[in-house]
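Take a look at the structure set out below.
Nothing in this text is a laboratory measurement; each read-out follows from the coordinates by a stated rule. What you see is a predicted model, and the numbers here were worked out from it, not measured in a lab. Heads up, the Cβs are rebuilt from the backbone with ideal geometry, glycines too, and the neighbour counts pull from every protein chain shown.
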Amino acid sequence: MEIAMKVVKHTKSNGIVFVKDGKTIAIGPGQTNRIWAVENCIKRCLSDMKGSVMASDAFFPFSDCVEAAAEAGATAIIQPGGSIRDKESIEKADELGIAMVFSGMRHFKH
């Protein structure tokens, strides 16, 4: 997760990064919304995403990103938190068996 946060810090917002085995396997930078960034990563990733971790440069306004990450095979998510809907993302992660860490640090780069 630490590597994923370092990489996503340098991506254009709304940025999403997937990391597996210490390597970046997908980057979804600069999308209009966060779910498009997640979907972009999933669609273009050439590696097996099972067992990966996902990082976001800013909070999730909806739980759809958590669901998409789980379907892709992610086992953990790191994000800053701070959405009024954080509870929904936490509940979805719990439901899907994904660890979720809140860094408290938003990178949001324009």
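Towards the positive end of the charge dipole of region 1-56, with charges on Cβ (+1 Lys, Arg; -1 Asp, Glu), say which of 31, 17, 54 has the farthest Cα. Value computed over the given set: 31.
Treating r as the C-beta distance of residue 44 and residue 83 and R0 as 22 Å, the FRET efficiency rounds to 0.25.
Mean separation of Cα pairs under 8 Å and 6 or more residues apart, divided by the residue count, gives region 2-102 a relative contact order of 23 percent.
Dipole magnitude for the chain: computed about the Cα centre from +1 point charges on Lys and Arg Cβ and -1 point charges on Asp and Glu Cβ, it is near 540 debye.
Where both residues lie in region 2-102, what percent of DSSP beta bridges are antiparallel, nearest 5? Antiparallel bridges make up about 55 percent of those DSSP assigns within region 2-102.
Amide H to amide H distances under 5 Å link residue 25 with 18, 19, 20, where only residues 5 or more positions off or on other chains count and H is placed in the peptide plane. Here region 30-76 is treated with +1 on each Lys and Arg Cβ and -1 on each Asp and Glu Cβ, and its dipole about the Cα centre works out to around 120 debye.
Counting pairs of Cα atoms in region 1-55, how many percent are more than 17 Å apart? The calculated P(r) of region 1-55 puts 26 percent of pairs beyond 17 Å.
Placing unit charges on the Cβ atoms of the charged side chains and taking the dipole of region 2-102 about its Cα centre, the candidate lying farthest along the positive direction among 5, 96, 75 is 5. Using just its DSSP H runs of length 4 or more, each adding -39500 (n - 2.57), the chain gives a mean residue ellipticity at 222 nm of -10000 deg cm²/dmol after division by all residues. Share of pairwise Cα-Cα distances greater than 22 Å in the chain is 16 percent (whole percent).
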